[in-house]
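Written below as structure tokens is the structure these notes are about.
The values are calculated or read from the model by the stated rules, or taken from the named source; none is laboratory data. As the structure is a computational prediction, the values presented were derived from the model and not from experiment. Cβ atoms come from the backbone with ideal geometry, glycine included; neighbour counts cover every protein chain shown. Surface areas here come from the heavy atoms of the whole protein model, side chains and all, with no ligands, DNA or RNA. Shrake-Rupley method; radii C 1.70, N 1.55, O 1.52, S 1.80 Å.
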Amino acid sequence: MQLRKTFAPLALGLAMLCGAASVQAANEQYFPLQSYRVGPYAAAGTGFYGGFIDYLKYVNANGGANGVTFTWSECETEYVVEKGVECYERLKKGLNGAPAAATNPLSVGIAYATLERSTADKLPLITINHGRTDSTDGSVFPYVFPLQLNPFSEVSAILNWIGEQEGGLDQLKGKKIVTLYHGSPYGKETSGVLQSLADKYGFALSLIEVPHPGNEQQSQWLNVRRIKPDWVILRGFGVMNPVALKSAQKVGYPAERIVGNIWSNSEEDAIPAGAAAKGFISITTHPSGLDFPALQGIKRDVVDKGQSDLADARQFGTVNYNLGVVNGILNVEAVRVAQKKYGNRPLTGEEVRWGFENIRLDEARLEELGAFGLVQPLQLSCSDHEGGGAVRFQQWDGSQWKLISDWVQADRAYLRPLIEASAKKYAEEKGITPRDCSQES
């Protein structure tokens, strides 16, 4: 049985030394987890990594990936960049002979800080639903994967939906939209593209920063009340989200006019806000709930056997937990795809990178994985490390999320030149010669 291994950076050397007597993993694939289970963002971390680990346990319980089983260890980052970098360096070489497949830090700051390291080490850096938008261009960023939804696609899809509510994108002209954003690299990632879209559609954009972690927002919401926007886009994380909803209620701004982004969309964001959250709308790349064969399999083979990674069983099937499951599905699928090329064995990071670039998740494959309706259809390539760019909208009814839309697609044709221009600038600054994706199989 796979045991959860949790390490703090300073204690890792001793822990690894104590584990040296364990049997070398001859047929295991390793995932180094730069996780966070304490601090202001612990709710997201415990749910996400709980779902990720439970999915790996589920796969192991059913024979692994073509006979290769998965192992992992955790290194607590507390969402602190410096700790995340230290964890990366300590875990990147694998565990007891099992090679590392990819890193999944779930942190824009840590992702930015380890991007060049992971590229030099030929170890995929997975930034599902977040990260550098220009890393979508795999010709410049061969080892970075903002799977499903990059930040530009996120705001484009939100504006497309808001446009639908107003009667068409042309009706955005003259509207007022405020974006309340987390004061971090993550929060600031979309400021430029939001202004570009504001210029395109003719709405007035106001960008209001909330300093980390977001416990105090009185002045920001007084500013919102002064502006009287038609819509507020909430780019929050952790405690910032319920505080925003409570603050909106205090100044009389309606929750049904607030649209949360992909990190303002969980039960942990809505429940602490109480009555102030009712009517709140957010985007999601996946629904909460257990109505999927993959989740039911996890319940049968992991949860019901008392082997779940979750300390709080109430997180099972939540938005954060299900995102961890989705992330597990995509990471394991990359390994399976790469095995078709390199053989049914533990793979190097470079080989797993090829697997990610060749993921093809159509409806038939999603059905096979028990993930139809849980994961959107995805097709990745050398030039496209996002692969999706679609979201659904959900609304909090006071006790749970209810889906209120079909898939809403970002304007990827409009965004792609912006992405390529940013990637080109990065390549010039770093002296990178982009890959010729036409030559990639």
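Some observations on this one:
- Which numbered condition residue 438 misses (of (1) assigned to a loop (DSSP other than H, G, I, E, B); (2) farther than 30 Å from residue 259 by Cβ; (3) of a type in the set (Ser, Thr, Tyr)): (1)
- Number of positions in segment 130-178 that are out of contact with any helix residue (DSSP H, G or I) (no Cβ under 6 Å at 6 or more places or on another chain) and β-branched (Val, Ile, Thr): 3
- Boolean, residue 365 is at pLDDT 95 or above, among the basic types (Lys, Arg) and surrounded by 16 or more Cβ atoms within 10 Å (Cβ to Cβ): yes
- Among the residues of segment 381-392, just one is surrounded by 24 or more Cβ atoms within 10 Å (Cβ to Cβ) and of a type in the set (A, V, I, L, M, F, W, C), namely 391.
- Residue 123 being in contact with a helix residue (DSSP H, G or I) (Cβ under 6 Å, 6 or more places away or on another chain), under 25 Å from residue 286 (Cβ atoms) and part of a loop (DSSP other than H, G, I, E, B): no
- Among (1) at pLDDT 95 or above; (2) within 23 Å of residue 285 (Cα to Cα); (3) crowded, with 18+ Cβ neighbours inside 10 Å, the one test that residue 189 misses: (1)
- Here residue 196 fits the description: in a helix (DSSP H, G or I), open to solvent by 10 Å² or more (accessible area, probe 1.4 Å) and touching a residue at least 60 places away in the same chain (Cβ under 8 Å).
- Scanning segment 307-351 for residues that are open to solvent by 70 Å² or more (accessible area, probe 1.4 Å) and more than 21 Å from residue 121 (Cβ to Cβ) yields 311, 313, 314, 340, 344.
- Residues in segment 85-118 that are open to solvent by less than 20 Å² (accessible area, probe 1.4 Å), closer than 18 Å to residue 29 by Cβ and either under 12 Å from the mean Cα position of the chain (by Cα) or not hydroxyl-bearing (Ser, Thr, Tyr) (or both): 91, 94, 95, 98, 100, 101, 102, 104.
- The set of residues in segment 104-134 that are over 24 Å from residue 319 (Cβ atoms) and among the polar types (S, T, N, Q) comprises 114, 118, 119.
- Looking across segment 264-288, the residues that are part of a helix (DSSP H, G or I), in contact (Cβ under 8 Å) with a residue 60 or more places away in the chain and open to solvent by 10 Å² or more (accessible area, probe 1.4 Å) come down to 267, 268, 275.
- Qualifying residue in segment 202-213 (condition: in contact with a strand residue (DSSP E or B) (Cβ under 8 Å, 6 or more places away or on another chain), hydroxyl-bearing (Ser, Thr, Tyr), surrounded by fewer than 22 Cβ atoms within 10 Å (Cβ to Cβ) and not in a helix (DSSP H, G or I)): yes
- Exactly one residue out of 51, 39 is under 15 Å from residue 317 (Cα atoms) and in contact with a Phe, Trp or Tyr (Cβ under 6 Å, 6 or more places away or on another chain): that is 51.
- Within segment 119-149, the residues that satisfy the criterion of being surrounded by fewer than 24 Cβ atoms within 10 Å (Cβ to Cβ), closer than 20 Å to residue 90 by Cα and of a type outside the set (A, V, I, L, M, F, W, C) are 119, 121, 122.
- Condition met for residue 357 (surrounded by fewer than 21 Cβ atoms within 10 Å (Cβ to Cβ) and not hydroxyl-bearing (Ser, Thr, Tyr)): no
- Cβ separations smaller than 9 Å between residues 6+ apart or across chains give the following pairs from segment 102-118 residues that are basic (Lys, Arg) to residues that are open to solvent by 20 Å² or more (accessible area, probe 1.4 Å): 117/85; 117/89; 117/92.
- Number of positions in segment 95-104 that are under 17 Å from residue 143 (Cα atoms) and either in contact with a Cys (Cβ under 8 Å, 6 or more places away or on another chain) or in a loop (DSSP other than H, G, I, E, B) (or both): 4
- Those residues of segment 378-405 which are part of a loop (DSSP other than H, G, I, E, B), under 22 Å from residue 416 (Cβ atoms) and in contact with a Lys or Arg (Cβ under 7 Å, 6 or more places away or on another chain), in sequence order: 382, 389
- Scanning segment 406-426 for residues that are loosely packed, with under 15 Cβ neighbours inside 10 Å and assigned to a helix (DSSP H, G or I) returns 413, 414, 417, 421, 425.
- Residue match in segment 242-252 (condition: in contact (Cβ under 8 Å) with a residue 60 or more places away in the chain, under 21 Å from residue 42 (Cα atoms) and surrounded by fewer than 24 Cβ atoms within 10 Å (Cβ to Cβ)): no
- Applying the set (1) within 21 Å of residue 390 (Cα to Cα); (2) over 18 Å from the mean Cα position of the chain (by Cα); (3) not in a loop (DSSP other than H, G, I, E, B) to residue 291 leaves exactly one unmet item: (3).
- Taken over segment 222-241, the residue count meeting the criterion of being surrounded by fewer than 24 Cβ atoms within 10 Å (Cβ to Cβ), assigned to a helix (DSSP H, G or I) and not aliphatic (A, V, I, L, M) is 3.
- Filter result for residue 57 (of a type in the set (Lys, Arg) and closer than 27 Å to residue 430 by Cβ): no
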